[in-house]
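The values are calculated or read from the model by the stated rules, or taken from the named source; none is laboratory data. In this text the structure is predicted, and so the values were computed from the model without any measurement. Heads up, the Cβs are rebuilt from the backbone with ideal geometry, glycines too, and the neighbour counts pull from every protein chain shown.
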Amino acid sequence: MSLPMSALAFAFAFALSSPAAALSQPELQATVEQRLTGDRTGACFAVAVIDKTVTRAFACADPAQARRIGPDSAFEIGSVSKTMTSALLAEMIDQGQASLDDPLSAWLPEGTKVPSFQGQPILLRHVVTHTSGLASLPPGVPMPDPTNPYTGMNAKMLLGALERSELTQAPGTRFEYSNFASMLLSYAVARRAGTDFESLLDTRLFTPLGMERAYINKPPKGVRAAQGHTPNTKPTTAWTFKTDLAGVGGVRATLDDMVRYVQGQLGTAPEPLASALARGQVPVDPDSKPAMAMNWMLAPLNGHTWHVHEGGTGGFSSFVAFDRKRQRGVIVLSDTALHSLGSLGSLGLHLADSSVPLGKPRKAVAASPELLDALVGNYQLQGAMKMRLSRKGDTLVIQAEGQPAFEMGHDDAGDFYPLAFDALLKPQRKGDGSYGFTWVQMGGAMPAVRIDGPAKAKFATPSPAELQAYAGDYPLMPEFSLKVFERGGKLFIQAAASRRWKRSRWPRTCSPWTRSAPRSGSNGMPMGGSSRSRCTRAARRCAA
């Protein structure tokens, strides 16, 4: 299902940045093309920046595919749909028909068993801030078609899964992103309104904002449903939802629909919708981590607050952010699922603030023979199947136990990817020179443990010129940065902190080539990316 953005990382990136200047259309087009042209995913982007005017751009990794999307293309916006569900709930609150302190049980059919923790019930405020304690997905509900996993789910299944659920902590205690809870809210809002969810969205949100081509299961005339793709360029099945559960991630919309949606969030909506949208932007619990409004994640920037949400389905990714005080918004829609590759954050953040690095396209490149040889072997995925990696010429081949073998491509970020389906293999070099990897698929990241003798890669010592490519200043957090420089054929890192930081906590210098090899980050993902980003991550490990 739609995936959560990394809210803390997003807020952190914003805290380091400064305001962005308005972009002309040629500037926006050039920026999007710089990020996308030649990207091995083959993705196409529809982008808008809202400032004093609205600037739009459409671009594809392969310019020959430019007709694939256009102003009439409706994209699956994934979890951004959740913010629309919250807008409907906020309007009910404005009308005195609801409260964030209502227990979820009061919005479900009488007799529904809803779990609590030591007498503390799940409230609506917990659902819209992902602190309900419910699982990410409804337990015990089958997903027979992984390419369209939600199509068979209905309200009866959800309520049954709710009755089987147990809470391990008090609601409101911890942020745990839950599509399960969001589906229940979608169903509950439609049930309380006495109509189906699509009709409710159309009447209360789409029509007042002029979102003429937005829909769930009933496409308007003149709209073209964009074809979704996996990040290996393959077309994939559209995701479909039972109408009343679609508030979790089932909305399709064109770029202009989303422009009108963000403009409404910036204050242009008619009443009573304007008041409802404003209510949905108010922090539900200002002290929570991450800070949340009603399904909007809040990111600080130079004394201002951006409301942000990312979304994704099996074939699409989306990014929406706005700063109401500065009257600025950013929308990025992709006809390709990019969750395993970091989604649309680099472009979206850069357009919100030009000091945030833009990122670059991932290009398909050959892996070194040494790396291929070092990865060959048998592995056990944590909590899953065994896998064998073998070599076929200059290609890595992966085969899960009892399944066919698949050839892998390799990109300049250092990752391998199956040519036949959507997944990612992220190599990790260990301190002894051997290799492991993390397998990324269906929103999960699973470490792999080698179960045969480790092979060790032999790499030449990098030249001073190669090390010099890593040189530069790297901000890691407000008032703390690292200076990286080459000296005598080694790479050094020097901390630069403000007086309030105790410098004694941080080693003054270290060499990531001799002290630390690439390994997993704090989120279980391996370190990769450009030489500069790898150096930043290695520096962070060295400083920690």
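Find the residue count for the stretch 309-329, including only residues that are within 22 Å of GLY42 (Cα to Cα) and not in a loop (DSSP other than H, G, I, E, B).
Residues meeting the conditions: 7.
Of (1) under 29 Å from the mean Cα position of the chain (by Cα); (2) crowded, with 20+ Cβ neighbours inside 10 Å; (3) more than 27 Å from ARG35 (Cβ to Cβ), TYR417 satisfies all except one. Which?
The single condition TYR417 does not satisfy is (3).
Given the residues ALA135, ALA90, ALA98, which is the only one that is in contact with a Lys or Arg (Cβ under 6 Å, 6 or more places away or on another chain), among the aliphatic types (A, V, I, L, M) and touching a residue at least 40 places away in the same chain (Cβ under 8 Å)?
Step by step, each of ALA135, ALA90, ALA98 is checked, and only ALA90 is in contact with a Lys or Arg (Cβ under 6 Å, 6 or more places away or on another chain), among the aliphatic types (A, V, I, L, M) and touching a residue at least 40 places away in the same chain (Cβ under 8 Å).
Do we find a residue being assigned to a strand (DSSP E or B), of a type in the set (A, V, I, L, M) and over 21 Å from SER275 (Cα atoms) anywhere in the stretch 87-110?
No, the conditions are met nowhere in the stretch 87-110.
Assigned to a loop (DSSP other than H, G, I, E, B), out of contact with any Ser or Thr (no Cβ under 6 Å at 6 or more places or on another chain), more than 22 Å from SER343 (Cβ to Cβ) and touching a residue at least 40 places away in the same chain (Cβ under 8 Å), is that true of ALA420?
Numbers: assigned to a loop (DSSP other than H, G, I, E, B): yes; out of contact with any Ser or Thr (no Cβ under 6 Å at 6 or more places or on another chain): yes; more than 22 Å from SER343 (Cβ to Cβ): yes; touching a residue at least 40 places away in the same chain (Cβ under 8 Å): yes.
For ALA420, the condition - assigned to a loop (DSSP other than H, G, I, E, B), out of contact with any Ser or Thr (no Cβ under 6 Å at 6 or more places or on another chain), more than 22 Å from SER343 (Cβ to Cβ) and touching a residue at least 40 places away in the same chain (Cβ under 8 Å) - is met.
Based on what the data block shows, is ARG213 within 16 Å of ARG260 (Cα to Cα) and touching a residue at least 24 places away in the same chain (Cβ under 8 Å)? Steps first, please.
Numbers: within 16 Å of ARG260 (Cα to Cα): yes; touching a residue at least 24 places away in the same chain (Cβ under 8 Å): yes.
Yes: the conditions hold for ARG213.
Select from the stretch 354-371 the residues that are within 18 Å of the chain's Cα centre (by Cα) and more than 26 Å from ASP394 (Cβ to Cβ) and list them in ascending order.
VAL356, PRO357, LEU358, GLY359
Among the residues of the stretch 114-130, which ones are surrounded by 18 or more Cβ atoms within 10 Å (Cβ to Cβ) and not in a loop (DSSP other than H, G, I, E, B)?
LEU123, LEU124, ARG125, HIS126, VAL127
Restricted to the stretch 474-490, and to residues that are in a strand (DSSP E or B) and at pLDDT 70 or above, which residue is nearest to the chain's Cα centre (by Cα)?
The extreme case among them is LEU482.
Of the numbered conditions (1) under 29 Å from PHE241 (Cβ atoms); (2) outside any strand (DSSP E or B); (3) touching a helix residue (DSSP H, G or I) at 6+ places or on another chain (Cβ under 9 Å), ALA367 satisfies every one except a single condition; which is it?
Result: ALA367 fails condition (1) only.
Quick check on the stretch 338-364: of everything there that is assigned to a loop (DSSP other than H, G, I, E, B), assigned by TED's automatic domain parsing to the domain that holds HIS309 and touching a strand residue (DSSP E or B) at 6+ places or on another chain (Cβ under 6 Å), which residue is modelled with the lowest pLDDT?
SER343
For the stretch 18-85, give me every one of the strands (runs of 3 or more DSSP E) that falls completely inside it and has 2 or more residues that are surrounded by 24 or more Cβ atoms within 10 Å (Cβ to Cβ) and in the same structural domain as ASP323 (by TED's automatic domain parsing).
Result: 44-50, 73-76.
Tell me, yes or no, whether the stretch 147-164 has at least one residue that is of a type in the set (Val, Ile, Thr) and touching a helix residue (DSSP H, G or I) at 6+ places or on another chain (Cβ under 9 Å).
Within the stretch 147-164, none of the residues are of a type in the set (Val, Ile, Thr) and touching a helix residue (DSSP H, G or I) at 6+ places or on another chain (Cβ under 9 Å).
Working carefully through the options SER318, SER275, SER334, find the one that is hydroxyl-bearing (Ser, Thr, Tyr), farther than 21 Å from ALA352 by Cα and modelled with pLDDT of 95 or more.
Checking each option against the conditions leaves just SER275.
Considering only residues that are loosely packed, with under 15 Cβ neighbours inside 10 Å, within 23 Å of the chain's Cα centre (by Cα) and either among the hydrophobic types (A, V, I, L, M, F, W, C) or in a helix (DSSP H, G or I) (or both), which ones fall in the stretch 260-290?
Answer for the stretch 260-290, where residues must be loosely packed, with under 15 Cβ neighbours inside 10 Å, within 23 Å of the chain's Cα centre (by Cα) and either among the hydrophobic types (A, V, I, L, M, F, W, C) or in a helix (DSSP H, G or I) (or both): just VAL282.
When LYS221 is evaluated against the numbered criteria (1) surrounded by fewer than 23 Cβ atoms within 10 Å (Cβ to Cβ); (2) outside any helix (DSSP H, G or I); (3) touching a residue at least 12 places away in the same chain (Cβ under 8 Å), which criterion, by number, is the only one it fails?
(3)
Consider GLY247 against the criteria (1) assigned to a strand (DSSP E or B); (2) within 19 Å of the chain's Cα centre (by Cα): it satisfies all of them except one. Which criterion is unmet?
So GLY247 meets the others, but not (1).
Determine, yes or no, whether GLY329 is in the same structural domain as ALA30 (by TED's automatic domain parsing), surrounded by 22 or more Cβ atoms within 10 Å (Cβ to Cβ) and modelled with pLDDT under 95.
no
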